[in-house]
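K.L.:
Sharing a structure below in structure tokens format, with a few things to ask.
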Amino acid sequence: FLVAGFAFSFDNLHPTLLGCSEVKNDVERLNCYDSLALTKKPKTQLEIDGERLTAKCILCHGKQWDISTNGQRLVKDMNESEIFDSLLAYKNKEIDSVVMNFHMARYSIDEIETMSKYLDLLFHSKLK
């Protein structure tokens, strides 16, 4: 959810969030939410944009990016420049793949760069 311009993910904090919602006193309930929000690092703009741009990709490549759709290397085993070069090649139809050519045609070079940087950050910095 969004607080003061920062996006937070409470996926792993659901029980605690639920606990805060059950606090009857308004001030104590707000203090509970505040302390919970302080435990999570705000997402960067790269993380927000990267998640948005790659959201559909996981339908084929898997949430852990552990599915190869063409029998080649996994996306999670590639670095930023390899991901960028590969996605750009699909966009420019230098690699023949009906599905990937179709999807990549919709993205700008800047969006492909953002996706590449985000995936590199995700795979190599343990961002999860």
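K.L.:
Based on the alpha-carbon gyration tensor of the range 55-94 and its eigenvalue square roots a ≥ b ≥ c, which shape applies: rounded if a/c is under 1.5, prolate if not and a/b is larger than b/c, or oblate?
P.N.:
Since a/c reaches 1.5 and a/b is larger than b/c, the shape of the range 55-94 is classed as prolate.
K.L.:
Additional query: For the range 88-125, which GluC sites (Glu not before Pro) are both in a DSSP coil and crowded by at most 16 other Cβ atoms within 10 Å?
P.N.:
The qualifying sites are 94.
K.L.:
Give the distance, in whole Å, between the Cα centre of the range 58-89 and the Cα centre of the range 19-33.
P.N.:
43
K.L.:
Let me ask something additional. Expressed in nm to one decimal, what extension gain is obtained for the pair residue 99 and residue 51 from 0.36 nm per residue of sequence separation less their Cα-Cα distance?
P.N.:
Gain on stretching residue 99 to residue 51: 15.3 nm.
K.L.:
Need the full-extension length gain, residue 106 to residue 29, defined as separation in residues times 0.36 nm minus the C-alpha distance. One decimal, nm.
P.N.:
Between residue 106 and residue 29, full extension yields an extra 23.3 nm.
K.L.:
Using a cut-off of 11 Å between beta-carbons, work out the net charge of the residues near residue 78 (Lys and Arg +1, Asp and Glu -1, residue 78 not included).
P.N.:
-3
K.L.:
Let me know the whole percent of all Cα-Cα pairs from the range 17-128 that are separated by more than 26 Å.
P.N.:
When every Cα pair of the range 17-128 is considered, 34 percent fall beyond 26 Å.
None of the figures in this text is laboratory data; all of them are computed from the coordinates on show. Keep in mind the model is a prediction, meaning the values are calculated, not measured. Cβ sites come from the backbone with ideal geometry, for glycine too, and all protein chains shown count toward neighbours.
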